Structures are given as C-alpha cells and as structure tokens.
Amino acid sequence: MQFAFFRLWVTRWTSSAAEGMLLWQSLGKVHASPQGLEVHSTGVRVNRRTSSMHPTNSTRTSGIPSHPTPVREAWQAELDAAIRRHDEGGMWVLIARQVDQIAAQEAMATLVSRLAYRISGRTRFGEMFLQPVIAPAACEVIETDTAWKAVSFAVGDALDRWLPSKATKTVFHGIRPFDYVSAWSPAVLRSHLYRTVPGNDQGSVTTLIEKVTLPTEAPRLGFMCMVLTSEIGWPMLSSNALADLRLREVVAFALQEAVGLPPPIVLAPGRVQFAIVDGVCRWLSELDRACKLHGWSATPIATSVDVVKVTLYLDSEQVPMTQFALRRHQIGLRGVNEVLQRLMSLAPFMDVERDASTPSRFLVAHA
C-alpha cells in the first residue's frame, strides 16, 4: 500500500506519466544489505555507514589535480564541476539525463556534501555530517547559546572518543534548527565545507529561512553540524553500536544537565542524506505523540525542482497546520520516500494542494 501511494505520488510529481513510471520502476534497485542501505546504478554504490562511493575515487593516485573530483563516472565529474561553480540549474539538467533517478539523486546528495582539496601537496577529504537532536517541549537546547556553551566541551570530548582514527572534526557552534538546515541550497552547503579549508577566505552566507511554526507542546528538531576531514580517503563512520550508544547518551546527559529538564532524544551522527531522514522520521513520530497528526500532504514547488513542501494537519487549536521543506539535493528521492512512508504510518494522506493559511515566518540567517 505504501509503495502504491508513492508510485501515484511520483507520477503526479513528474512532468509525465511515463517519467513517473520510470522513477517508480527504479525503486526496485533499492534494497537492504547487512552493511546498510545500498543504491546500485552504473557501478556506483553508496553506503550509509562507511561513507564510501564505488568505484574507488582516483584522488589517491599520483598526479592529483588541484581540485580532485571524488568520482570517475563522466556525468558525475560534470556534476561535481557544476556544484563547484554553484550552477544549480546545470546540476538538475545533468540529473534529468540519467535513467536511474533514485541512484542519480543519491549520488548528487553525496557529492554536494563532500569536498576534496589539496594543501601543501597533500589531498584532504572533507564531508559534512549531522547529528539529530529532538528536544521535548520547553527544552531549550536548540539554537541556544547558553546551553551550547555549557555542553560544547563534553560533546567535543565524546566525539573525539567516538571518531575513527586519522579523522579530524570541525564542529559548528550550536545546535541548528531543522528549518535552518532545510533551507540550505547546494551553494550554502558547499560554503560551509569551504569554511573548514585552511586559509580559505569564505565570507558569510545569507540564507532565507521559512520557520516551522509548532504548538507549544511540540518537540523541536535540530542538528549538530560537523565536517570530518581525512587524508586517507573519505571519512568512515564507526560501525560499533555500543560506541554509538555511548555517544548518544553522553550528549543527551550533557544537554539535560545544561537545561535541567527531561533529556532530548539524540541520534548517532550520520551523512547528510541519512541523518536528515533519520531525524525527520523520529521527530514526526514524537510530534504525533505530543499533538496528534490528523493528516498530511506533500507538494512539489513549481519554482524549484529541488523542494518538496510537506503540510501537517495537527490536533492543535494554537497551530492547526504547519509546513516544512524537504530538499532532494540533500536526501534524494530515496529520502523523500522514507519520510512519506513514515507519514503514511502516522496519518492519512490529504490531497490538498495549498499553502498554510497563516503567513509564513521568514528569517534571515547569516552563516
């Protein structure tokens, strides 16, 4: 039933029924493996835990270019070049040419969140990682300087113990709210990566944020943002479940001590396309417990091929309806499908194509 709905939704989303059926058929190439979710297309495999993309990148060989590309596939090299010059339109043109849209968008999400560069003749590999935090109502740990200053040392020490050897971290200040992260365009995400490059003079980037309005009793979703860097290839996450659990418990306890309230739910750090989906799905479940979801709808935005707007209908007089955005360059079609499946398990789909009746609150963030 769930996949039947997604088949209909994808067909309506795309420009033609034939294209929609093509996207639906490509779902058959997504399957589970003992190592995690894998998406196969033209020899490319993306793994949730190891952060690896095959075939092996060519940047470990001699004769490394000044701006090494993380892939060998010709179209992916073109895609990486479009990302570097902030050509979002060109990115989507390249994606549209690919037969397997599921795998193509997964590859895009991987490339956008990675940056390979050379310093003093040595290649370094940097990638953005996120750690989801779901804060209960009145637990002010998201976007709060006071709480972050109290926990930053403990969190940094816990991350150092959790990180694999030969990887360094750059942790961004504070726990960024979901509305902030969901506003990142490919250029903004890459700008955060460039800020971690030694000697880079990357200036501040202004982002327009559409704030997610929630009832007082609703939990909030945020992310700790970090860039992991390695000189021996793309950073690899630990597959030690006990180490993940210890990190989650240490971060949750530190945040609880900082605010003196029930501890937030903390998930393990992950690559961007997986961490956002994991965080949103868990947050939706917690939101349904706090203020029941009566229904939901999902609508692509006509002015942006990247954005899918999700509308939630809540059992709340204070905020009966709210919206948030999913970005395909961040989570791909696979991630969109996972979020929609979670929503289907919580509430019925309401085929209502309209924005929220209350004015959206826009904020300008300087990163």
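The values are calculated or read from the model by the stated rules, or taken from the named source; none is laboratory data. The model shown is predicted, which means the values in this text are computed figures rather than measured ones. Here the Cβ positions follow ideal geometry from the backbone for every residue, glycine too, while neighbour counts run over all protein chains shown. Only protein heavy atoms, including side chains, enter the accessible area calculation; ligands, DNA and RNA are left aside. Shrake-Rupley method; radii C 1.70, N 1.55, O 1.52, S 1.80 Å.
Collect the residues in segment 169-199 that are basic (Lys, Arg) and within 16 Å of ALA116 (Cα to Cα), keeping them in residue-number order. I'd like the intermediate steps shown before the answer.
Within segment 169-199, the first condition is being basic (Lys, Arg), and the residues that meet it are 169, 176, 190, 195.
Matches in segment 169-199: LYS169, ARG190, ARG195.
Please specify each residue of segment 287-315 satisfying the condition of being more than 19 Å from the chain's Cα centre (by Cα) and acidic (Asp, Glu).
ASP288, ASP315
Restricting segment 254-312 to residues that are of a type in the set (Lys, Arg) and either more than 27 Å from ALA147 (Cβ to Cβ) or in contact with a Gly (Cβ under 6 Å, 6 or more places away or on another chain) (or both), which is least open to solvent (accessible area, probe 1.4 Å)?
So the first thing to find is which residues in segment 254-312 are of a type in the set (Lys, Arg), and the list is 271, 282, 289, 292, 309.
The next check asks that each one be either more than 27 Å from ALA147 (Cβ to Cβ) or in contact with a Gly (Cβ under 6 Å, 6 or more places away or on another chain) (or both); those that pass are 292, 309.
Numbers: LYS292: 96, LYS309: 25 Å².
The extreme case among them is LYS309.
Among the residues that make up segment 165-187, is at least one of them in a loop (DSSP other than H, G, I, E, B), among the β-branched types (Val, Ile, Thr) and under 17 Å from the mean Cα position of the chain (by Cα)?
No, segment 165-187 contains no residue that is in a loop (DSSP other than H, G, I, E, B), among the β-branched types (Val, Ile, Thr) and under 17 Å from the mean Cα position of the chain (by Cα).
Evaluate the following for VAL151: is it part of a loop (DSSP other than H, G, I, E, B) and under 18 Å from GLY260 (Cβ atoms)? Step through it out loud before you land on a result.
Values: part of a loop (DSSP other than H, G, I, E, B): no; under 18 Å from GLY260 (Cβ atoms): yes.
Spelling it out, it is not the case that VAL151 is part of a loop (DSSP other than H, G, I, E, B) and under 18 Å from GLY260 (Cβ atoms).
Checking VAL319 against (1) within 17 Å of VAL277 (Cα to Cα); (2) in a loop (DSSP other than H, G, I, E, B), which test does it fail?
(1)
So, LEU221, is that one among the aliphatic types (A, V, I, L, M) and modelled with pLDDT of 90 or more or not? Can you show your working first?
Details: among the aliphatic types (A, V, I, L, M): yes; modelled with pLDDT of 90 or more: yes.
Yes, satisfied.
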